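A.B. asks: Take a look at the following structure, please.
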Amino acid sequence: MQVITHTIKVQTTKPIEIIDITADITAALAATKLNSGQITVISRHTTAFININEKEERLLEDMETFLKRFVPKDGNYLHNISPIDGRHNAHSHLMGLFMNSSETIPFAEGKMLLGEWQSVFFVELDGPRNQRSILVQISGI
């Protein structure tokens, strides 16, 4: 068995942004020449997450609207009184309570075994950010 680690870097431009990283993961897998195993994708941030869902423009807009309504930015949050990095981002951390920092995806015959409508997304909750880092670890034979 081999274990190969790859990093995907993204730049975000909006406070909440849902970025399809499926093609990046597919390219990382193809470069390994591995046949079967699993891929673990992890966000290396506490205000950005990994999600598997459907890539449909209106649904992505609905997701963003839902998140903004679910945890409003202007809430009275204690974390915002003295944030360690100067960002008033308690709402971003709180949204993250309901998301995954990682996903594991099986693959066979060199292809991810995602469903027909599934894509892998990086979900920014505290943008814009110049650089975000996503770790992709591919284990297989």
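What follows is calculated from the coordinates using simple rules that are stated; it is not laboratory data. Computed from a predicted model, the values in this text were never measured in an experiment. Here the Cβ is made from the backbone with ideal geometry for all residues, glycine too, and neighbour counts use every protein chain on show.
A.B. asks: Give the residues of region 15-35 that are surrounded by 12 or more Cβ atoms within 10 Å (Cβ to Cβ) and within 30 Å of Thr65 (Cβ to Cβ), sorted by residue number.
C.D. replies: Result: Pro15, Ile16, Glu17, Ile18, Ile19, Asp20, Ile21, Thr22, Asp24, Ile25, Thr26.
A.B. asks: Output the residues belonging to region 44-59 that are over 11 Å from Val136 (Cβ atoms) and surrounded by 18 or more Cβ atoms within 10 Å (Cβ to Cβ).
C.D. replies: Passing the criteria: His45, Thr47, Ala48, Phe49.
A.B. asks: Moving on. For Thr65, are the conditions met, namely being touching a residue at least 12 places away in the same chain (Cβ under 8 Å) and either of a type in the set (Lys, Arg) or surrounded by fewer than 18 Cβ atoms within 10 Å (Cβ to Cβ) (or both)? Break it down stepwise before answering.
C.D. replies: Details: touching a residue at least 12 places away in the same chain (Cβ under 8 Å): no; either of a type in the set (Lys, Arg) or surrounded by fewer than 18 Cβ atoms within 10 Å (Cβ to Cβ) (or both): yes.
No: the conditions fail for Thr65.
A.B. asks: Hey, another quick one. Here is a list: Asn51, Asn80, Asn35. Which entry is in contact with a Gly (Cβ under 7 Å, 6 or more places away or on another chain) and either within 30 Å of Met1 (Cβ to Cβ) or not small (Gly, Ala, Ser) (or both)? Can you show your working first?
C.D. replies: Numbers: Asn51 fails: in contact with a Gly (Cβ under 7 Å, 6 or more places away or on another chain); Asn80 fails: in contact with a Gly (Cβ under 7 Å, 6 or more places away or on another chain).
On inspection, the qualifying residue turns out to be Asn35.
A.B. asks: Right, next: Among the charged types (D, E, K, R), closer than 18 Å to Thr7 by Cα and out of contact with any His (no Cβ under 7 Å at 6 or more places or on another chain): does that describe Glu109? Working first, answer last.
C.D. replies: Numbers: among the charged types (D, E, K, R): yes; closer than 18 Å to Thr7 by Cα: no; out of contact with any His (no Cβ under 7 Å at 6 or more places or on another chain): yes.
Criteria not met by Glu109.
A.B. asks: Looking only at region 1-24, which residues are within 15 Å of Val123 (Cα to Cα), out of contact with any helix residue (DSSP H, G or I) (no Cβ under 8 Å at 6 or more places or on another chain) and of a type in the set (A, V, I, L, M, F, W, C)?
C.D. replies: Across region 1-24, the qualifying residues are Val10, Ile19, Ile21.
A.B. asks: Further, regarding this structure: Being in contact (Cβ under 8 Å) with a residue 40 or more places away in the chain and basic (Lys, Arg) is the filter; apply it to region 68-92 and report the residue that is nearest to Ile18 (Cα to Cα).
C.D. replies: Restricting to residues being in contact (Cβ under 8 Å) with a residue 40 or more places away in the chain and basic (Lys, Arg), the top hit is Lys68.
A.B. asks: Here's something else I'd like to know. Mind listing whichever residues of region 9-26 are touching a Leu at 6+ places or on another chain (Cβ under 8 Å) and within 14 Å of Ile50 (Cβ to Cβ)?
C.D. replies: Ile18, Thr22
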